[in-house]
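One structure is given here, and the rest of the page talks about it.
The values are calculated or read from the model by the stated rules, or taken from the named source; none is laboratory data. If you're wondering where the values come from, they're calculated on a predicted model, not measured in any experiment. Glycine gets a Cβ as well: all are built from the backbone with ideal geometry, and neighbour counts include every protein chain shown. Heavy atoms of the whole protein, side chains included, go into the accessibility calculation; ligands, DNA and RNA do not. Shrake-Rupley method; radii C 1.70, N 1.55, O 1.52, S 1.80 Å.
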Amino acid sequence: MKLLIIGSGGREHAVGKKLLEDPQVTAVFCAKGNAGMLKDGIKILDIAEDAHQDLIAFAKKEVIDWTFVGPEIPLLNGIVDDFQTAGLKIFGPNQAAAMIEGSKEFAKELMTEMKIPTAAYQTFSDFEAAKAYVLEQGAPIVVKADGLAAGKGVVVAETVEEAIEALHEMLEEQKFGSSSARVVIEEFLVGEEFSLLAFVDGEHVYPMVIAQDHKRAFDFDRGPNTGGMGAYSPVPQISEAMVEQAVQKVLHPTVQGMIQRGTPYHGILYAGLIATAQGPKVIEFNARFGDPETQVVLPRLESSLAQVISKLIAHEKPEIKWNNQASVGVVVAAEGYPEVYQKGMLLPEMTNEDVSVIYAGVAEKEGQLVANGGRVFLVEAHAETIEAAQQKVYQALESVALDQLFYRKDIGSKALKN
Ligand code: AMP
Ligand code: GLY
């Protein structure tokens, strides 16, 4: 099998590495990929993610069996529709189905229709009406840009003033352009967060093991929100009953609702959930694998990812087995991220065999890897327990010199307090 991945980050590196574990997979190409992927045998292509026709021409010329899409932007740009029109196999939701991530209002309407538990909300495009609603509801309250905003369009406001300031920036100053021309204002949910992902073939749902992301930049969940500073799986403080409720009350009705709307969902479905006292409630849907959740979920997949996706594309039942290991992944980021940061720092050689290194914001310079983005790489280890996996990761990180880079020291620690 020859496969193509669209994307360039850590998630795509982890997917490519997992696909290559299957001896039937003879080549994995990634567009555009990153230079760190070469270490694991992934071939990188200099074709832009939005150059759909060039990607299609490449897939035809190389006789690619199927393509996997990592990020949301190509999905929302209709890459799946374009590949299918060209007669090529591709795994991911089409443009209409990817709206589950592309518009918070779309997701909220679907949840209302299907009675899927989520925070109470209202949608606004008028600043004065939105402000009146916030004044009536009080704080804490959550303000979300309707469209995509690279994880930055969510403000968890502790005070009414903060919420009104967020509304002013989004609706009046158009901080996120057309993405924030409409906002969703929602109830603040109290409870622990977890990410539940599933493989979906349009009809059937195959849940994965759950993970927990760490969105804040600094230890003890302090500092600004980021794309994710680390993750771990399993999440023992979330009960099996809670996960089962989420599968039954969230994943299944979501997939049914998409069928009823005439936009059946194919691909990876990601539910971001809060375990509240009333059970799991949705805070967001993504139309793709999570980053960095993927980097800790895939090491727990015993079955061949390539076989699983091949079966899903063929609409056959895949065999999916998970191991009982614990996986911890710690992101190494450029100092200053998620705000202003340097690039070009030389990265250490990580030779420790206890860990995997998954690259994201990197480039090659004179034969060596240098930092080229905010989240630079992730170090993952798995072991019998979260504590043992954590130890492996942190030992590996402490043994190398990191120039103008930082990482959180507490990834996975929430699981140990219980
Ligand atoms: P999102 O980009 O939608 O994942 O939101 C970013 C972060 O804001 C989430 O990881 C949560 O920690 C928090 N958040 C979002 N929605 C809510 C909510 N309704 N109640 C409490 N926290 C929320
Ligand atoms: N880790 C959160 C996301 O991928 O959206």
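Details
- Nonlocal amide H pairs with Val332, under 5 Å, H built at 1.01 Å: Val376, Phe377, Leu378, Val379
- Residue among Gly367, Gly336, Gly223 with the largest mean-square fluctuation in a Gaussian network model of the chain, springs linking Cα atoms under 10 Å: Gly367
- Taking only alpha carbon atoms, region 280-418 gives an Rg to Rh ratio of 1.01, where Rh is the Kirkwood radius.
- Simple Cβ-charge dipole of region 271-398, Lys/Arg +1 and Asp/Glu -1, about Cα centre, in debye nearest 20: 500 debye
- For region 162-256: rounded, prolate or oblate by the Cα gyration tensor [a/c cutoff 1.5]: oblate
- Between amide H atoms placed 1.01 Å from N, distances below 5 Å from Tyr341 occur with no residue 5 or more places distant or on a separate chain.
- Pairs of alpha carbons in the chain separated by more than 35 Å make up 25% of all such pairs.
- Note on the chain: with neighbouring protein chains present and a 1.4 Å probe, carbon and sulfur make up 48 percent of its accessible heavy-atom surface.
- Comparing Ala27, Ala287, Ala333 in a Gaussian network model of the chain, where Cα atoms under 10 Å apart are tied by springs, the biggest mean-square fluctuation is seen for Ala27.
- In sequence order, calculated HN-Hα J values of region 296-301 (Karplus, 6.51, -1.76, 1.60; Hz; x Gly/Pro): 10, 7, 5, x, 8, 7
- Estimated from helices alone, the mean residue ellipticity of the chain at 222 nm is -7000 deg cm²/dmol (sum of -39500 (n - 2.57) over DSSP H runs with n ≥ 4, per residue).
- Inter-centroid distance (Cα atoms) of region 220-289 relative to region 341-409, Å: 28 Å
- Hz values of 3J(HN,Hα) by residue in region 199-212 - Karplus curve (6.51, -1.76, 1.60), Gly and Pro given as x: 7, 9, 10, x, 9, 9, 10, 10, x, 9, 6, 7, 9, 10
- Amide H within-cut-off set for Asp213, under 5 Å, with H built and near neighbours excluded: Ser195
- Charged-residue dipole, Cβ positions (Lys, Arg, Asp, Glu), the chain about Cα centre, Debye nearest 20: 720 debye
- Each Lys and Arg adds +1 at its Cβ and each Asp and Glu adds -1 at its Cβ; summed about the Cα centre, region 331-418 shows a dipole of about 340 debye.
- Converting phi to 3J(HN,Hα) with the Karplus coefficients 6.51, -1.76 and 1.60 and the offset θ = phi - 60°, region 37-51 yields 5, 4, 4, 9, x, 7, 8, 9, 10, 8, 10, 5, 4, 8, 8 Hz in sequence order, with x at every glycine or proline.
- Lysines with Cα under 18 Å of Lys409, excluding same-chain neighbours fewer than 8 positions away: Lys215, Lys392, Lys417
- Exposed loop sites are taken as GluC sites (Glu not before Pro) in a DSSP loop (any state but H, G, I, E or B) with at most 15 other beta carbon atoms within 10 Å; the longest stretch of the chain without one runs 204-301.
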